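Structure record follows, encoded as structure tokens.
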Amino acid sequence: MQMFAEFPIGLLTALVILTFGTWTWRDATRRANSMVGAGQGRLHSLPGYHGWYGALWVVGPALSLLLIHDMTAQGSIRALLQTGLSPQILGLSPDRLDLFFADARKIAFGGIPSATTPELTAAAASLKSIAGGLNVAFSAGALLLAGLGFFLARSQLGRDFRARNAVEACVRAFMIVAAAIAILTTAGIVLSLLFETLKFFSNYSPIDFLFGTHWSPQIAIRADQVGQSGAFGAVPLFLGTFLIMLIAMVVAIPVGLGSAIYLSEYASVRVRAFVKPVLELLAGIPTVVFGFFALLTVAPIIRALGTAAGLDVSAQSALAAGLVMGIMIIPFISSLSDDVINSVPQALRDGSYAMGATKSETIGRVVIPAALPGIVGSVLLAVSKALGETMIVTMAAGQNANLSVNPLDMVTTVTVQIVTLLTGDQEYDSPKTHAAFALGFVLFIVTLILNIIALRVVQKYREKYD
Amino acid sequence: MTDMSPASRTSLRELVASKIKKRHAAELRFRGFGVTMVVSAILACSLLLVSILSQSVPALTENRLHLTLDVTAEKADPVGQRDPIDIREQGNFYGLVQDALEARFPAAEADGTLDDLFDVATSLAAVPIGKTIAADPSVIGKKLDVTLPINDDLDLFIKGAFGRTLEIKGEGTLVSALKPDGDFALSGQGPVFAKAVEALRGDLGRAAGSLEQGLILKRQRLATGQAQVTALQAALNAATAKAVGVAGAEASLEQAANNVAGLESEIAADLATIKTYRAAALGQGGPLPLGDNKPSVFVETKTGTYKITTLSPTLATAKLLVRPKAGEIATDWKMVQIKTPQDGRAVNDATIAYGRHLKAQNAIQPAFNTTIFTNSDSNEPELSGLLSAFVGSLLTLAVTFCLAVPIGVATAVYLEEFAPKNWLTDFIEVNINNLAAVPSIVFGLLGFAVFLTFFNMPRSAPIVGGIVLALMSLPIIIIASRAALKAVPPSIREAALGVGASKMQATFHHVLPLAMPGIMTGSILAMAHALGETAPLLMIGMVAFIADVPTGLSDSATVLPVELFMWAGRPERAWEPRTAFAIILLLIFMILMNAVAIYLRRKFERRW
């Protein structure tokens, strides 16, 4: 059995089953067809549905079994191995036992174990035969299921058999499962964030986290290290995030809104045909490219200008990150506002022109007020995007948690700290990791509220003129 | 109106006329504001593209070293069995390169500049030579022509990234005389160095000017630092009085005081430098002293190079960098001035001198940069490439596509065609719209918590990255697919149902094929978006040094945007153009994907 431990027998079985399924599909279709030819009258379902019915019975249960095996193999191998181990090994502490299994696995499947003892070698050998045995057993089981499915489907094949309904029920079930994934994703996000955040708050007071002004997540590894208290007061991060968002909005709102108004109300077809793709191009550029631009082009320019004006500008300033983030958000605001402005009925404009208003008066007093809810919605969505933006600030805003509102200083943001805390080598279960999730939770809640309000406002408004 | 007198009517008309002028001016201003905003958006976009394009220029070509190696058996195959594995593992191929370089400059060892000569190419660059020899051991004992990338900093220097290199042709014959202290005295007929002295004086004057500019800022910082010290001193006094937090206050005071002391010494040093620069610029104080913190000036003959330490119009003292051939009569010589001082660059004068001679001998030649396409990540910029990241991106996107498109389309079809209108489907809808606006980093947190910690899936693996990106792009695909399905007129469905099709048949045989172009366009755009996504992949450990091309879905891998994020953060200067080049490749991929989407939309778009 040892030889089947590493041999990809599962994959091979899956291929065999798929081939068998294809053959079944053709076979059942042909049989159904021949029934029509043999003058049995009309079938309830088209021949193709009989083919699909057979194929589903052959492939579905068998592949599910293989998938289950693949996911549970680790656990069941260990459980089986434990039954054959001597009590003294089983008496080891859980950590040591884990290490023992990991080493046995490394010896069995190639790898560098931390130790090699006779017990380990023996365990590795039995592990290998257990794994091989499980592989063979499950593969045989899958083949058996495929065969059973084949005969079941064949026995049902007949003139009155409702194959179409069965196949359609299957497809419907798949679609419902697919639709449920959206809910599962949200649930996964909320649960994982909540779970880790609660772990964090069991060690660290939420009040200190939300209102503390000192952020220094480095935790002393040795007792003699100074200044590494592991303080998680997130106010400097919130302030930095807000500052950069504000700078970005100061850039993006006038430019985005101004372009949207110009493009929808003034621009000729040719200007539109040129400007729209440029804005779409801007929207398609990955954020990491904006980060590079901020770090190596905009920040040095700002620094040089500041130095020439006698100002002290840090190499990574909030201003550079904010400006570039604003550029990134321009197409976002302009395309959303463009949609909203375009959906204001022409009759409102015509009414205003008929009263003798100029174009700018019409825009200022009729179009914008009519489109205002939609514009507010798009700005809120843009704010949420700015708060959650990661790469630009990671590259251009810096890591120092300064409690500062000076745009020329180095500030840090929530997203930067999440990246800093979770990249690099550390265990999964440390206060730093949990702190990252707490930050993520705050970010998620804030952006969720903004999104819900924005989507609601936009939707309500759309219905008004539809 | 009939009561209105003619006089008031004219005054009203005047009033309106004067107001109209104002209103038209306002109209113009408003329009001008719109134009300005559009133009600034376009300017921002073009500044971005132009800056990245211009930054990438140095990475388009690379300088390669062409050498003829003498493949000796004792270096290439010390075991002597001509076994490819032995050769690859035991052979000293960099030694072969070193031998070939030494053969070109035999005096280097005696002059103590051997390490500088070997700096022309790094040892890792010789690894492919080993593969060549291992593949064909019969070359051992023969000559072998090889090309290898040169040191990244020397490469940048040759491309002119350290400022312009000024060359002044020398007149007459250069005479060099060995002085007792080991330096050389260089002279010619008359004031042969006058031009160089003049150019240097100008430089020093400018350098002093920029230092003075910097001093203003440093003095400001000093003032704030001193204020901080005073404030911290007060805080310490208060803390001592209350006897709480004394240690912390002391520590911050000490830090601030150190800061101030550092600034003070910096300012003093700057002042001294400015003084000497100014004096030298005015021609005071005898010959110009040239140190490692000043521009380097070489005197280069056909086969040798000297570095000048002091310079006057008629006489120069110099250190030997590259020994000229014995008995060379230096009629053809020039002065070479490198603006960036040796302290300000990662490649030293001797290596540059050797590089210039190798270039003059045509042993260093520029070529199109193919390394970036054929190599994987490396610590040496000149050996690094995007191959592993490209394959990683491909694998990750394949997983994303296979998961997100079927699931997304199935969801869209269900919600649009089958779902009953009830609270559950409403909830799913709200959910999807909200998911589309969740920050991408939150998906990374989800991947970290669920797939890495809970399901124990491998870190940095394309399968995990692909799943996370699929979850992220699902809402985009669902929304686009629903819009495409909505655009198919109900008459199609009704016609299909009317001739006896089941609901499922009507949908899959008639509605879905008609909506397919829209669905594919949306899916491709979502894939392009996923291709450029970075933040969630950082969370699941795809930010890793990957030197091997990944071969499977659970191998360690990285993707293009993460690779260029890592490159952008590395300190050597040569990473900057390479990162810009990588960005351009990434943008080309994205533009191609977008172009396909636009083509599909144009070709199959149908207006009902």
quick shape note, the protein assembly as shown: Cα extents on principal axes in Å, largest first -> 117, 116, 72
One quarter of the C-alpha convex hull surface, i.e. the mean projected area of region A:303-383 in nm², amounts to 7.6 nm²
Computed on Cα atoms only, the convex hull of region B:323-447 has an orientation-averaged projected area in nm² of 15.0 nm²
In terms of the charge dipole of chain B, which places +1 on Lys and Arg and -1 on Asp and Glu at the beta carbon, the residue among B:551, B:33, B:405 farthest towards the positive end is B:33
Rounded to the nearest 10 degrees, the helix B:387-413 long axis (Cα) sits at an angle to the longest Cα principal axis of chain B of 10 degrees
Of the listed pairs A:276/A:359; B:75/B:325; B:159/B:302; B:169/B:339, those with alpha carbons more than 24 Å apart are B:75/B:325
Net charge (Lys, Arg +1; Asp, Glu -1) of residues whose beta-carbon lies under 9 Å from that of residue B:567, residue B:567 excluded, is -1
Using alpha-carbon positions, the gyration tensor of chain A gives root eigenvalues a ≥ b ≥ c; with a/c under 1.5 called rounded, otherwise prolate if a/b exceeds b/c, else oblate, the class is oblate
With +1 on the Cβ of every Lys and Arg and -1 on the Cβ of every Asp and Glu, the dipole magnitude of chain A about its Cα centre, in debye rounded to the nearest 20, is 1680 debye
Filtering GluC sites (Glu not before Pro) in region B:560-607 by DSSP loop and by at most 12 other Cβ atoms within 10 Å leaves B:605
Sorting A:241, A:285, A:362 by the position of each Cα along the dipole of chain A (Lys, Arg +1; Asp, Glu -1; all at Cβ), the one nearest the positive end of that ordering is A:362
Checked region A:17-165 with the C-alpha gyration tensor, a ≥ b ≥ c its square-rooted eigenvalues, rounded below a/c of 1.5, otherwise prolate if a/b is larger than b/c and oblate if not; verdict prolate
Exposure proxy check on B:516, A:410: fewest-to-most Cβ neighbours within 10 Å is B:516, A:410
About its Cα centre, region B:53-158 carries a charge dipole, from +1 on Lys and Arg Cβ atoms and -1 on Asp and Glu Cβ atoms, whose size in debye to the nearest 20 is 460 debye
Among A:262, A:100, A:440, the residue whose Cα sits farthest towards the positive end of the charge dipole of chain A, when +1 is placed on the Cβ of each Lys and Arg and -1 on the Cβ of each Asp and Glu, is A:262
Using the Cα gyration tensor of region B:1-129, the equivalent ellipsoid's semi-axes, largest first and to the nearest Å, work out to 86, 17, 8
If R0 = 22 Å, then residue A:173 and residue A:33, at their Cβ-Cβ distance, give a FRET efficiency to the nearest 0.05 of 0.20
In degrees, nearest 10, the alpha-carbon axis of helix A:9-37 is tilted away from the dominant principal axis of the alpha carbons of chain A by 80 degrees
Quick calc: nm separation of the 7 Å Cα→Cβ label points for residue B:602 and residue B:226 -> 6.8 nm
Length-normalised contact order of region B:1-111, Cα under 8 Å, at least 6 apart, in percent, tallies to 17 percent
In whole Hz, the Karplus estimates of ³J(HN,Hα) for region B:113-119 (6.51, -1.76, 1.60; θ = phi - 60°; x where Gly or Pro) are 10, 4, 5, 5, 5, 5, 5
For residue A:232, other-chain or 5+-apart residues with amide H closer than 5 Å (H placed, Pro excluded) are A:216
Residue B:257 and residue B:79 label points (each 7 Å along its Cα→Cβ direction) are spaced in nm at 6.4 nm
Once amide hydrogens are built 1.01 Å from N within the peptide plane, the residues lying 5 or more places from residue A:313 or on another chain with amide H under 5 Å from its amide H are none
If every Lys and Arg gets +1 and every Asp and Glu gets -1 at its Cβ, then about the Cα centre the protein assembly as shown yields a dipole, in debye to the nearest 20, of 4240 debye
Amide H proximity to residue B:309 below 5 Å, modelled H, separation 5+ or other chain, gives B:317, B:318, B:319
dims of region B:149-239, Cα set, principal axes, largest to smallest, nearest Å -> 75, 39, 29
At R0 = 51 Å the Cβ-Cβ FRET efficiency linking residue A:191 and residue B:53, nearest 0.05, sits at 0.65
With x for Gly and Pro, the residue-by-residue ³J(HN,Hα) of region A:385-398, computed from phi through the Karplus equation 6.51 cos²θ - 1.76 cosθ + 1.60 at θ = phi - 60° and given in whole Hz, is 5, 5, 5, x, 5, 10, 5, 4, 6, 4, 7, 10, 9, x
So for R0 = 22 Å, FRET eff. of residue B:331-residue B:185 from the Cβ-Cβ r, to 0.05, ends up at 0.75
Scalar couplings 3J(HN,Hα) for region B:317-330 by Karplus 6.51 cos²θ - 1.76 cosθ + 1.60 (θ = phi - 60°), nearest whole Hz, x for Gly and Pro, are 9, 8, 9, 7, 9, 10, 6, x, 4, 4, x, 6, 9, 8
Shape call for region A:174-325, from the Cα gyration tensor axes a ≥ b ≥ c (a/c under 1.5 means rounded, otherwise prolate when a/b beats b/c, else oblate), comes out oblate
Its Cα gyration tensor gives chain B an equivalent ellipsoid whose semi-axes in whole Å, largest first, are 60, 42, 29
Longest principal axis of chain B (C-alpha) makes with the long axis of helix B:462-487 (C-alpha) an angle, in degrees to the nearest 10, of 40 degrees
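Laboratory data are not the source of any read-out in this text; all were calculated from the coordinates shown. Everything numeric here is computed off the predicted structure, so don't read it as measured data. For neighbour counting, all protein chains shown are included, and Cβ atoms are generated from backbone atoms with ideal geometry for every residue, glycine included.
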